[in-house]
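The values are calculated or read from the model by the stated rules, or taken from the named source; none is laboratory data. Worth saying up front: this structure is predicted, and the values here are computed from it rather than measured. Using ideal geometry, Cβ is built from the backbone for each residue, glycine included, and neighbour counts are taken over all protein chains shown. Accessible surface is based on the protein model in full, side chains and every heavy atom, while ligands, DNA and RNA are left aside. Shrake-Rupley method; radii C 1.70, N 1.55, O 1.52, S 1.80 Å.
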Amino acid sequence: MAPPLLILRDIDLTFGGTPLFEGAEFSVSEGERLCLVGRNGSGKSTLLKIATGIVEPDDGKIFLQPGTTVRYLPQEPDMGGFKTTLDYVEDGLAPGDDPYRAQYLLDQLTLTGNEDPATLSGGEIRRCALARALAPAPDILLLDEPTNHLDLPVIEWLEKELATMRSAIVIISHDRRFLEKLSRTTIWLAQGMTRRLDQNFSKFESWRDGIVEQEETERHKLDRKLIAETEWLRKGVTARRKRNQGRLRALFALRKERREQRRAPGQVTFTKTETTQSGKLVMEAKSISKDFGKGPVVGDFSIRIQRGDRIGIVGPNGAGKTTLLNMLTGSLPPDTGTMRHGTNLEMVTLDQKREMLDADATLADALTGGGEIVSVGGQNKHVVGYMKDFLFAPEQARTPVGVLSGGERGRLMLARALARPSNLLILDEPTNDLDLETLDLLQEMIADYPGTVLLVSHDRDFLDRTVTSIICSEGKGEWIEYAGGFSDMISQRGADLGGRASTPKSTTVPKQRNKPQSSSSSGKGKLSYKDKHALETLPVRMEKLQTIIDKHQSTLADPELYSTDPKAFEEAVAAIETAQNELAGAEEQWLELEMHREEIEGS
């Protein structure tokens, strides 16, 4: 193996009295592909800053092979002082670098080079910063969350570009698929120490779990030994005093060892907050469209979404994902077509830009609205206890939201969203700034969620693990729904996500849900007396059925009912099931008749 180009050894760093690193180390050799993984707050970004000289450690040695060039992509690039994006990228070139590569990379990343950095969006800033880091073709490339704010076509372009580079690469990312495709070595940063696995990231989680299990076993053995030695001490130091004093010193050493052991940080705890079940039909779009004057963003799109569906929305930045989502949820009216929602919808939204957070509010106030109690899952919890469920320390209760890190703001948004009762969950880029462990638990929460989920994401692995179908942008306002997760969609339509689907090599036909069909009596003409009567009476019947459901659900809320009156419990369950089936049928019938009525009136 080639000698290392960069070595970090025995790195110590302390912030605010708590050691961040204690003997952390890693090395990078020519052409290596490393990924650096760990929980939010474990120090991954700080370790890269130490490697670049931006942060000075308290102790340790840093060696960089003379003549080695290093380029660093920070999470938040500073473009101040540059008139254009091309000026910013060219400023990163060194004498002897190809001067044309800056413009080439900007072109590849759909930037002209003439943009004013002060007016760029988050995705454009990330693409410009990538061009600056890649342009010199350095010996070592350090990338901190390179896929943040990038859409799928750019992520896939970046994967191909990095795969062909000769540079050694160190990557921090929460995107599992990205890490699996590019890494060959995994560095795990936890409890201030680094551990190295000379394998691809795909092998990391099972390796990590084995280490955690082994450490827990050793900690348990130490605890048992401490109990035994403490019991001996309680009985008194007697008999052979010299030998016993030695045993006493050993006990104190054991206690010191136990105190100094750094446990793995806790996990985020998700508590489901249940509410009244929605109707079987959640929403139905019929030929909806939207045009802001520059061509259709959504054109003639139809879909029927039922209770329990998990639907992902994917496409390039600017394709109209958020527009489509807003139309489906009713916050943006369509230009043409009709949008219908089912009964008893209670919607909670997780906003991708965290705009719903008041930067001046404290963390506790953001969760409670100005009190000390959070109601979760029908139970009241003190805000500090609820904060702990999301890995916030008690002393952070009065911390202003504006000073929280990206990962902390992401966890706060999740905590707020999940504390509210809902049966329709809207997640717009929920994976931004979340660590891998929190993503795992979010995936489990979505899988167990009793309602319906609409999800916008560029994270391919997350989509594969969570959704039952995907709505994909095909360009020029066309959107098609494909059954299954992201990988299933690619197998049906091809891998080109930059525009119109490429023709798949297989003969699989993309699966799109059928547009809603009207009832058998939907031929043009007049509504029959029977249909008119049904349109008037069905809403009353649906309301009565929902009242029956609510009444029996209230009965089942008694935790002692099953043990005290099993027959009443079974009758309530049966009554709810019957009423729900009748309600679903009534909703379907009313919607078909209402659509038929609109067709007649519009013809």
Quiz prompt | Highest to lowest packing among 571-580, 22-31, 42-51, scored as the average C-beta count within 10 Å | solution = 42-51, 22-31, 571-580
Quiz prompt | Computed accessible area, residue 375, all protein chains, 1.4 angstrom probe, square angstrom | solution = 60 Å²
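Return the carbon/sulfur percentage of the accessible area of the range 86-151, one whole number, probe 1.4 Å, all protein chains in place.
Carbon and sulfur: 47 percent of the exposed surface of the range 86-151.
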Quiz item: Ignoring ligands, DNA and RNA, what percent of the 1.4 Å accessible area of the range 1-74 is carbon and sulfur?
Solution: 51 percent
Quiz item: Residue by residue, what Karplus-based ³J(HN,Hα) values in Hz, rounded to whole numbers, does the range 29-39 have, using 6.51, -1.76 and 1.60 with θ = phi - 60° and x for Gly and Pro?
Solution: 9, 4, x, 5, 10, 10, 10, 10, 10, x, 5
Practice problem: With +1 on each Lys and Arg Cβ and -1 on each Asp and Glu Cβ, and nothing else charged, work out how big the dipole of the range 1-76 is about its Cα centre, in Debye to the nearest 20. | Solution: 280 debye
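Leaving out ligands and nucleic acids, note down the accessible area per residue over the range 1-76 with a 1.4 angstrom probe, in whole Å².
Details: 3780 Å² over 76 residues.
Heavy-atom accessible area per residue stands at 50 Å².
Of the listed peptides 408-415, 315-322, 293-300, 583-590, what is their order by residue-averaged count of other C-beta atoms within 10 Å, with the highest listed first?
On the way: 408-415: 22.2, 315-322: 20.4, 293-300: 14.5, 583-590: 18.9.
Descending packing order for the listed peptides: 408-415, 315-322, 583-590, 293-300.
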Self-check item: Under-5 Å amide H pairs with residue 474, H placed in peptide plane, nonlocal only
Solution: 479, 480
Quiz prompt | Where 449, 72 fall by accessible area, highest first, once all protein chains stay in place (1.4 Å) | solution = 72, 449
Exercise. Sort 132, 541 by accessible area with a 1.4 Å probe, largest first.
Key: 541, 132
Quiz item: Restricting attention to the range 416-502, which trypsin sites (Lys or Arg not before Pro) occupy a DSSP loop and are surrounded by at most 12 other Cβ atoms within 10 Å?
Solution: 476
Exercise. Between the alpha-carbon centers of the range 1-33 and the range 313-350, tell me the distance in whole angstrom.
Key: 47 Å
Self-check item: Distant-in-sequence amide H partners of residue 456 (H built 1.01 Å from N, under 5 Å)
Solution: 313, 427, 428, 429
Practice problem: Sort 137-144, 61-68 for me by packing, meaning the mean count of neighbouring Cβ atoms within 10 Å per residue, highest on top. | Solution: 137-144, 61-68
Quiz item: What residues have an amide H closer than 5 Å to that of residue 31, excluding those fewer than 5 places away on the same chain, when H is modeled at 1.01 Å from N in the peptide plane?
Solution: 168
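Measure up 203/321; 544/567; 49/181; 286/321; 49/83 against 29 Å on the Cα-Cα distance and list the ones that go over. Walk me through the numbers on the way to the answer.
On the way: 203/321 34 Å; 544/567 24 Å; 49/181 24 Å; 286/321 18 Å; 49/83 26 Å.
Check vs 29 Å cut-off fails for 203/321.
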Self-check item: Average accessible area per residue (Å²) across the range 123-178 - probe 1.4 Å, nucleic acids and ligands excluded
Solution: 24 Å²
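Tell me, what is the per residue accessible area of the range 394-442 in Å², probe radius 1.4 Å?
Values: 1410 Å² over 49 residues.
It amounts to 29 Å² per residue over the range 394-442.
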Self-check item: Extreme residue, positive dipole direction of the range 1-62, given options 54, 37, 18 (C-beta unit charges)
Solution: 37
Quiz item: For the range 77-91, in order, what is each residue's ³J(HN,Hα) by Karplus, 6.51 cos²θ - 1.76 cosθ + 1.60 with θ = phi - 60°, in whole Hz (x at glycine and Pro)?
Solution: x, 9, 9, x, x, 10, 7, 9, 5, 5, 4, 5, 5, 5, 5
Exercise. Sort 78, 459 by accessible area with a 1.4 Å probe, largest first.
Key: 78, 459
